[in-house]
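Here's the structure we're looking at; comments come further down.
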Amino acid sequence: IHPMFHTSLLRPYVRGDEVLFSGRDPDTVHGNAPDGKQIIELIDDHCWRQCKLQFHFIWPDGDQSWESASKADQLTQLDEYLELQGVKTPEDLPKRDPQG
């Protein structure tokens, strides 16, 4: 298998429909405010993958993703999550599988 695709699959870029997607700032990139700070709703889980800590982010538009601990460092949601888990620092979080 070669990492290629046929050019017939390419389509011209069409800007989002302002009627269907009203209220969205087109200059805001997913997860980032115009000032460069991250915008997330909630951190609701964590896991350790290959000795690296990751957090489960829930974004304002409902998307979800696993992100590295470095992306959560300055977020108030991290402080809230640590408090709920009863630990002071991310390194104190229990090492467990994300499904467990």
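The values are calculated or read from the model by the stated rules, or taken from the named source; none is laboratory data. Every value quoted in this text rests on a predicted model; they were computed, and no experiment measured them. In this analysis, Cβ positions are derived from the backbone assuming ideal geometry, glycine residues included, and neighbour counts consider all displayed protein chains. When the accessible area is computed, the model is the full protein with side chains, heavy atoms only, and any ligands, DNA or RNA have been set aside. Shrake-Rupley method; radii C 1.70, N 1.55, O 1.52, S 1.80 Å.
Brief remarks follow.
Table: residues versus (1) in contact with a Gly (Cβ under 9 Å, 6 or more places away or on another chain); (2) open to solvent by 80 Å² or more (accessible area, probe 1.4 Å); (3) at pLDDT 85 or above.
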| residue | (1), (2), (3) |
| --- | --- |
| Pro12 | no, yes, no |
| Ile43 | no, no, yes |
| Gln50 | no, yes, yes |
| Asp63 | yes, no, yes |
| Ser68 | no, no, yes |
| Asp73 | no, yes, no |
| Thr89 | no, no, yes |
| Pro98 | no, no, no |
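- Of all residues in segment 19-37, none are surrounded by 10 or more Cβ atoms within 10 Å (Cβ to Cβ), at pLDDT 65 or above and in a loop (DSSP other than H, G, I, E, B).
- In segment 48-77, the residues that are assigned to a strand (DSSP E or B) and closer than 12 Å to Pro90 by Cβ: Trp48, Lys52, Leu53, Gln54, Phe55, Ser68
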